[in-house]
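Asks: Please see the structure below; I have some questions.
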Amino acid sequence: MAHLLISAANKSSGKTVLALGISAALHAKGLKVQAFKKGPDYIDPMWLAKATQRNCYNLDYWTQTDQEIKTLFGQQSRDTDLSIIEGNKGLHDGLAADGSNSNAALAKLLNAPVILVLDTRGTIRGVAPLLLGYQQFDPAVNIAGVILNFVGGGRHASKLTAVIERYTDTPILGLVQRSPELELVERYLGLMPSNEDMLAQDKITGIANAVAGQVDLNKILAIAKSAAPPSMAEQQESSSPNCKLKIAYAKDEAFGFYYADDLETFAQQGAQLLPFDTLHDEELPVADALFIGGGFPENRLHKLAANTKIMQAIHHAIDQGMPAYAECGGLMYLCNSIKFKSEKSEMIGIIDADCEMFEKPIGRGYTLLEKQPHHPWPNISHQPIPGHEFHYSKLTHTPEQAQYAFTVKRGFGVNGENDGILYKNLLACYAHQRNTQNNQWISSFIEFIKTCP
C-alpha cells in the first residue's frame, strides 16, 4: 500500500497547491491516486477530487476513532497505485497539547512517510535548524523528504540546497519557484471551491505541469512505495437495505459541501440521492425528503433570488411536511433573506429569520452538540455529538418561541446556546455532522423519513 503524507512547518506554506499538483501530475501519468485530507474540510477535498478524478476522504480525529480512520483509509486505498494525505496546518499542530491528534500523529497511525513543505521566503540558512528541529522533536515521525517552496530564483535555490546538504541528510524532492501559475484564489474560509471556478480543471492542469517540472515525482513515488502498510482489522462488506427512499439534494455552484463517505452511506442504507441545481432547476426531483448541505450562497445571491420557482417549490415541500435537513449554507438559504456586504436578497423564507454576513467569523472550529428533547429523529445519541462549523454569518430576528434540536456545548450554532432550528419536519443547523460510529445521523434521518406520512 503505497502512501505518504504531505505536511508543512506552518500554515500558508503552499502545501495545498503542491499536494494538488503532485496528485494531478501523478494522475496524468496514468496512476490511480487516492487523496485524503486531514481534518474537517470540504474545499481542499473538492480540488483534490477533481485532480485525481476520485472522491477525496477526510481523516479527522475529532469525529473518528483511530480504528475508523485506519478502516476508511484502508478501504479507500484498495486497488490504487498510491494514496496521498494532505495535512492541515503544521506537522505538529492539532487540538491537543500533547499532539495526539496532530498531523504527525496521523502519520504515525498510518505508517505514512512525511514530505515536509517549507516556505523559504526571506530565509536561507534558517531552513536547516528548522528542518533539524522538526526531525528531532519526534524521531518516530519519518520525514522522508523536503520540498522547498516559494524559492526566489536560481541563486536562492543553490544556496538553500547547499545549506540543507551541509547540515542535514534530508533529501530535497523539489525546489519550487514563486509563480502566479501556482496560486489559487483565497478568501475568508480558504480556497475558492472548485465548484465555483469554471476554470478549475485548467488551473489544475497548469499547476500539475508546473509542479512536475520542479518536483521529482519518481522520488516521491519511491517514498510512497517504501511505506509500511498500517495495521487494520479486516472489514466485512455490509449489505444494502432495501428502503427505496429518494432524497433530493442540492448540488451546484452555491451548495457542494458534502462528505464523500456520507453520500456513500446514504446509498449503503438503500437511499437514492437525486441532485438538483438551485440556480437553474425550476422544480425539485420527485423525492421523499430533502437535503441541502453547506456552501457559499452569499456568493450567488442574485442567481439564487432570481430562481423563484425552485425556492417556491422548496418552501411548499417543507411547509407540506416533507422531511428535510439543512446545514450552514442550506440553513442560510432557507431564511427570509441573506445580507452580504451592501447586498440583501430575499431567500426561501421557510425559517422566519434573517441571515447577515460579517467580516469576522461567528462560528469556526469543532463543535459539540447535545440532543434536546425536541429533536425529532430517532436513535440520536445522548452523548455529546462532535461536529464542526465554519460560518461568518449569524441569524437575526429569530422568533423567541423557536424550537431547537441541539444545545451547544462547544461552538456557537445559531445563537451561542442552541443549534438545529426545527420547523415541521425540517431540521436546519449551522454545525456540519459527520456520519461516524459515534454519530450515525444518516440512519436516524432515514428512519425519521420513514415515519413521516
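Asks: How far is helix 43-52 tilted, in degrees, relative to the longest principal axis of the Cα atoms in the chain, given as a value from 0 to 90 rounded to the nearest 10?
Replies: Orientation of helix 43-52: about 60 degrees from the principal axis.
Asks: Going by Cα centres, the stretch 286-322 and the stretch 135-153 are how many Å apart?
Replies: 47 Å
Asks: Which lysines have a Cα less than 29 Å from the Cα of K371, not counting those fewer than 8 places away in the same chain?
Replies: Answer for K371, where 29 Å is the Cα cut-off: K37, K38, K70, K244, K246, K251, K360, K394, K409, K424, K450, listed by chain and number.
Asks: Please name which of T398, I223, G99 has its Cα lying farthest along the dipole of the chain towards the positive end, using unit charges on Cβ (Lys, Arg +1; Asp, Glu -1) and the Cα centre as origin.
Replies: The Cα lying farthest towards the positive end belongs to I223.
Asks: For q values of 0.12, 0.15 Å⁻¹, compute log₁₀ I(q)/I(0) with the Debye formula on a Cα-only model of the stretch 246-451, without solvent.
Replies: Ignoring solvent entirely, the Cα scatterers give -0.54, -0.88.
Asks: Sequence-distant or interchain residues sharing an amide H contact under 5 Å with R410, placed H: which?
Replies: Amide H neighbours of R410, under 5 Å, 5+ apart: L368.
Asks: Project the alpha carbons of the stretch 126-187 onto their principal axes and report the range along each, largest first, in whole Å.
Replies: Extents along the principal axes: 36, 30, 18 Å.
Asks: Please compute the contact order of the chain in relative form: average sequence separation of alpha-carbon pairs under 8 Å and at least six residues apart, divided by the residue count, as a percent.
Replies: This gives 13 percent for the chain.
Asks: Starting from the Cα gyration tensor of the stretch 1-137, take the square roots of the eigenvalues, sort them a ≥ b ≥ c, and report rounded, prolate or oblate (rounded when a/c is under 1.5, otherwise prolate if a/b is larger than b/c, else oblate).
Replies: Judged from the Cα gyration tensor, the stretch 1-137 comes out oblate (a/c at least 1.5, b/c at or above a/b).
Asks: Can you pull the one-decimal nm distance between simple spin-label points at Q372 and L199, each 7 Å off the Cα toward Cβ?
Replies: Those two pseudo-labels are separated by 4.6 nm.
Asks: Through the Karplus equation 6.51 cos²θ - 1.76 cosθ + 1.60, θ set to phi - 60°, convert the phi angles of the stretch 387-393 into ³J(HN,Hα) values in whole Hz; use x for Gly and Pro.
Replies: Using θ = phi - 60°, the values come out as x, 7, 9, 9, 8, 9, 10 Hz.
Asks: Could you size up the charge dipole of the chain around its Cα centre, putting +1 on the beta carbon of Lys and Arg and -1 on that of Asp and Glu, and report it in debye to the nearest 20?
Replies: It works out to roughly 1220 debye.
Asks: What translational D, rounded to a whole number of µm²/s, comes out for the stretch 312-379 from Stokes-Einstein when the hydrodynamic radius is the Kirkwood one over Cα pairs, at 10 °C and 1.306 mPa s?
Replies: D, rounded to a whole number, is 113 µm²/s.
Asks: Can you tell me the orientation of helix 154-167 relative to the chain, as the angle in degrees between its alpha-carbon axis and the longest Cα principal axis, to the nearest 10?
Replies: Helix 154-167 sits at roughly 80 degrees to that axis.
Asks: Take E346, project a point 7 Å from its Cα along the Cβ direction, then tell me which residues of the stretch 265-306 have their backbone nitrogen under 17 Å from it.
Replies: Counting only backbone N, you get 301-306.
Asks: Next up: At what distance in nm do the modelled label points of S179 and D138 sit from each other, each positioned 7 Å from its Cα along Cα→Cβ?
Replies: It works out to 3.3 nm between the two label points.
Asks: Stokes-Einstein at 25 °C, 0.890 mPa s, Kirkwood radius from Cα pairs: D for the chain in µm² s⁻¹? Write out the running numbers ahead of the final one.
Replies: Details: Rh = 23.1 Å.
So the translational diffusion coefficient is about 106 µm²/s.
Every number in this text was worked out from the coordinates using simple rules, so none of it is lab data. Keep in mind that this is a model prediction, so the values were computed, not measured. When we count neighbours, we look across all protein chains shown, and the Cβ atoms used for this are built from the backbone with ideal geometry, even at glycine.
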